[in-house]
1. When you go through (1) more than 15 Å from the chain's Cα centre (by Cα); (2) within 16 Å of C33 (Cα to Cα); (3) of a type outside the set (F, W, Y) one by one for R174, which number turns out not to apply?
2. Which one of E62, E57 is more than 11 Å from the chain's Cα centre (by Cα), modelled with pLDDT under 90 and assigned to a helix (DSSP H, G or I)?
3. Yes or no: F103 modelled with pLDDT under 90, within 16 Å of L37 (Cβ to Cβ) and surrounded by 15 or more Cβ atoms within 10 Å (Cβ to Cβ)?
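The values are calculated or read from the model by the stated rules, or taken from the named source; none is laboratory data. No experiment lies behind these values; they were computed from the predicted model shown. Quick reminder, even Gly has a Cβ in these numbers, built from the backbone with ideal geometry, and neighbours come from all protein chains shown.
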Amino acid sequence: MSDVRQVGSAAVRTEEGYRELYRTHYGRVFRLCRLLLADRHEAEDVAQEVFTILLKEWERPERPMLWGAWLTRVTVNACHRRRRSRWWQWRKAAPEEFVEADFPSPQPSPEAAAIDGETRRRVLGVYQRLSRRQREVFVLRHVEGWPSRDVAQALGLNDGTVKRHLFRATQAFRKALGEAS
């Protein structure tokens, strides 16, 4: 794995380096957009915007960069901007059915392979009913695997607020799956 993916190249940034970042991170960025926006076409547009922003940043004078974390933050911000736009508000007036198959993943996880169709529908139903902030916290913590303190910093929240949102989201999932304690 080259250092371009993690920190940025110590040498001059090249077009090939940008392409490598795109290939490495596009699927994850699109999946994050799709989870936060719940609209495949909007997610594709926002993912492209994120990589346009990356290209502009890539062309700036070099500085060490953790590109994966930077792309995640830019993606969350781009999703926020899209949801605040008038176009988004008008577009969301006509809800689109949420189709689980629209979420690309590099490979199915053991958990995904074990969950049957009915359970997936129940899980996605619970996910859709979470608040916007709970979705963001849940996705960054459990899908992206970030520690709570990093989620808090990325979203501009304190650690306790992140833990509260995560607790409420987890409780909603447990209740829906019949595991409430």
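1. (2)
2. From the options E62, E57, the qualifying one is E57.
3. Yes, satisfied.
Yes or no, residue by residue, for (1) modelled with pLDDT under 85; (2) in a loop (DSSP other than H, G, I, E, B); (3) surrounded by 13 or more Cβ atoms within 10 Å (Cβ to Cβ):
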| position | (1), (2), (3) |
| --- | --- |
| A112 | yes, no, no |
| R133 | no, no, yes |
| E136 | no, no, yes |
| L140 | no, no, yes |
| T161 | no, no, yes |
| H165 | no, no, yes |
| T170 | no, no, yes |
| A180 | yes, yes, no |
